[in-house]
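Data first, discussion second: the structure below is written as structure tokens.
Derivation of every value follows stated rules applied to the coordinates shown; laboratory data play no part. Since the structure is predicted, the reported quantities are computational estimates derived from the model, not experimental observations. Here the Cβ is made from the backbone with ideal geometry for all residues, glycine too, and neighbour counts use every protein chain on show.
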Number of protein chains: 2
Amino acid sequence: MSETPSPSAARTVVVAAALELFAQQGFEATSVEQIARAAGVSRSTFFRQFGGKEDVVFADHEILLADLRTWLERGHENPWVAVCEATERVFRHFASDPKVARRRYEIVRQVPALRDREIVTVFRYERLFDEYLRSALPGIDPLDAVGFAALVTALHNHVLRRLLRGTKRVPLSELQAALDGALRRYGVHPDPAPPAADDVVIAVFPRATPAAEVARRIRSSLD
Amino acid sequence: MSETPSPSAARTVVVAAALELFAQQGFEATSVEQIARAAGVSRSTFFRQFGGKEDVVFADHEILLADLRTWLERGHENPWVAVCEATERVFRHFASDPKVARRRYEIVRQVPALRDREIVTVFRYERLFDEYLRSALPGIDPLDAVGFAALVTALHNHVLRRLLRGTKRVPLSELQAALDGALRRYGVHPDPAPPAADDVVIAVFPRATPAAEVARRIRSSLD
């Protein structure tokens, strides 16, 4: 029984072969013919899968954007948190195979047209989140949707870029801490805020309580 | 005495002529020759001023980005506020001639390559603000620089787009209110925060004060 690889598996093979060639000999110097040959597919198969060489580099984003759209539309209790979780899904995808992700990043960095296309691609996430917030939270101030989408996307990109630029592991918790901060800035974090440095403490004691006892009780309740 | 227009005034004439032609007959259908003829300059003068047709559409952004960079580098007491003021400068520029700004917006909207280039251009403002915050505030958490730059840029773009899409005046105060919100979310607003909806009010009265008098005093001090 001969096995036909699934369309997405077949695409993955082509992407891997292309990135390998781009890294070895440069993006410009690599032809579609060379990619097709290295991946063991025909030229026409390549063009059925991808519009061109550039599309190979951004194939993951196309899949991720479609996945996130479906996932977001499923409905979520807290749409602000859902947007944050969506960026965690993107991060986890690239962090699961940092070698390939870093190779892709290096190629993009070296070709101005690819850098521009990446900026445009990133903006599609931001717009997806903005549109999702407006549809999931009717009556939301559009400025809040626009602002939160931009903030979360920028935080995600910054943490992801740290992973792509370096050689060390960047844990998901680093992104989560940044996203927690964004949720708090917008006052939409599901957990109650931890005590802030400028919180006011109100303590009432009978007038007769000795000062030392007042101090002890306050310290123990703050601890 | 014959007057030679300044380089920037000469560019403005070419930009206006080009936008007029793009609006009349479409971006693709307009040639550099037609633009040069309409502006009363030679083809070679056009190419000394602009790299190509696309660059005419984004000429203002190039000038604005260079101006903002110089202005930011001048040094500002509160760098967070300076970033906000920088976006106000951009807004004021386009709001000063909304007819031309709207014409440009219509052209960009209709040509996918121009839309992409606009996204890339907008990102240059975001990066400029990010880099400025990091240099003006050594030791700043990069996530705060990245996040604030993205938030402020997104808020500005949203308010500017309302101006470009509509036919009505959008006052600068609308942008300023959004920027005030961003400064407060980051806890960097120069003015003390106005009473928030969830502020705690502490009032102490002698036990004997009648309830109506307590209510009156509280109301008058809240008003």
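Placing +1 at every Lys and Arg Cβ and -1 at every Asp and Glu Cβ, with all other atoms neutral, what dipole size does chain B have around its Cα centre, in debye to the nearest 20? Spell out each step's value before the answer.
Numbers: 30 positive and 29 negative charges, 132 e Å.
Around 640 debye, computed over chain B.
Counting from the shortest, the label point at A:L137, 7 Å from Cα toward Cβ, is 2.3 nm from the same position in each remaining copy.
Comparing A:A136, A:G166, A:A177 along the charge dipole axis of chain A, the residue lying farthest to the positive side is A:G166, per the Cβ-charge model.
Against the 2.2 N^0.38 Å scaling, with N counting residues, where does region B:7-55 land? I'd like the Cα-based Rg ratio to two decimal places.
0.99
Over all projection directions, the Cα-based convex hull of chain B averages an area of 19.1 nm². Considering region B:22-90, its Cα convex hull presents a mean projected area of 6.1 nm².
For the protein assembly as shown, the Cβ-based charge dipole about the Cα centre amounts to some 280 debye (Lys, Arg positive; Asp, Glu negative; other atoms uncharged).
Only Lys, Arg, Asp and Glu count, each charged at its Cβ (+1, +1, -1, -1), so figure out the dipole size of region B:24-120 about its Cα centre, rounded to 20 debye.
Working: 15 positive and 15 negative charges, 73 e Å.
Roughly 360 debye, rounded to the nearest 20.
Considering the dipole of the protein assembly as shown built from charges on the beta carbon (Lys and Arg +1, Asp and Glu -1) around the Cα centre, which of B:V32, A:G187, A:Q110 is farthest to its positive end? The Cα lying farthest towards the positive end belongs to B:V32. Across region A:105-170, the volume of the C-alpha convex hull divided among the residues equals 79 Å³ per residue. Could you tell me what % of all Cα pairs in the protein assembly as shown have separations over 42 Å? Distances greater than 42 Å cover 31 percent of the Cα pairs.
Just need the relative contact order of region A:7-53 here, percent rounded to a whole number, with Cα pairs under 8 Å and 6+ apart. Walk me through the numbers on the way to the answer.
Working: 27 pairs, mean separation 16.8, N = 47.
RCO, region A:7-53: 36 percent.
Report summary: the helix-based calculation at 222 nm, which adds -39500 (n - 2.57) for every DSSP H run with n ≥ 4 and divides by the residues of chain A, gives -23000 deg cm²/dmol.
Our summary gives chain B a relative contact order of 18 percent, counting only alpha carbon pairs under 8 angstrom and 6 or more residues apart.
What number in nm² do you get for region A:58-185 if you take the convex hull of its Cα atoms and divide its surface by four?
On the way: hull surface 30.7 nm².
One quarter of the hull surface, i.e. the mean projection, equals 7.7 nm².
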